[in-house]
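Written below as structure tokens is the structure these notes are about.
Values quoted throughout were computed directly from the atomic coordinates according to the rules given, and no laboratory measurement underlies them. Since the structure is predicted, the reported quantities are computational estimates derived from the model, not experimental observations. A quick note on method: Cβ atoms are made from the backbone with ideal geometry, for glycine too, and the neighbour counts reach across all protein chains shown.
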Amino acid sequence: MLSASALEHVVHTASSSDSLTRLYSDHHGWLKAWLRKKTGCPHNAADLAHDTYMRVIETRNAVEIDTPRAFLTTIAKRVLASYFRHLEVERAYLDSIADLPEPLVPSLETQAIVIETLLEIDRILDGLPAKVRTAFLWAQIDGMPYAEIAERLDVSLSSVKQYMARAIRQIYFPGAQA
């Protein structure tokens, strides 16, 4: 015999599942069409619709949603932003290796690993304040000296050092408080 809390969990899960099924069946076609307009590609739209529903499943607590299309649009916009950011990072990396001599071009496997690493660093840095992120990128990508970063950001040299320490902590210990 099920305990009251176990029975409540089963009822909630079944109710949630029914609600998700209804959300999917009632709005999936509309969502794919909306995403197709945004991406221009039916295949990418289908993938992004799938990702949107996966996020709904992963984060959803409420059983009923008053405005399902607004709810789905909000989540889909986040999925789209991630998708376009991914394309931007990938394109920038591929552009950076485009002129390398053939023997120096990384293998496709290495390229995929580098792109995933860059995306993860991008995701981590995105959570930092603008000056911290900018200082880190100028130092690491452009090789800019701290003194020049301080001048450009109109902050002290010690602030730049603090920014760099914060960015590095965030990259190496992403779960820790920055």
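Here is how the numbers come out for the structure above:
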quantity: 25 °C / 0.890 mPa s Stokes-Einstein diffusion coefficient of the chain, Kirkwood radius on C-alpha pairs, µm²/s; calculated: 122 µm²/s
quantity: Per residue Cα convex hull volume in Å³ - calculated over region 98-172; calculated: 105 Å³
quantity: Acute angle (nearest 10 degrees) that the helix 4-39 long axis makes with the longest principal axis of the chain, alpha-carbon atoms; calculated: 60 degrees
quantity: Whole-number percent relative contact order across the chain, with pairs defined as alpha carbons under 8 Å at least 6 apart; calculated: 13 percent
quantity: Rounded tilt (10° steps) of 157-172 against the dominant C-alpha axis of the chain; calculated: 40 degrees
quantity: Cβ-defined net charge surrounding Val160, 14 Å radius [Lys, Arg +1; Asp, Glu -1]; calculated: +1
quantity: Rounded tilt (10° steps) of 108-126 against the dominant C-alpha axis of the chain; calculated: 90 degrees
quantity: Helix-only [θ]222 nm of the chain, DSSP H runs n ≥ 4, -39500 (n - 2.57) each, per residue, nearest 500; calculated: -26500 deg cm²/dmol
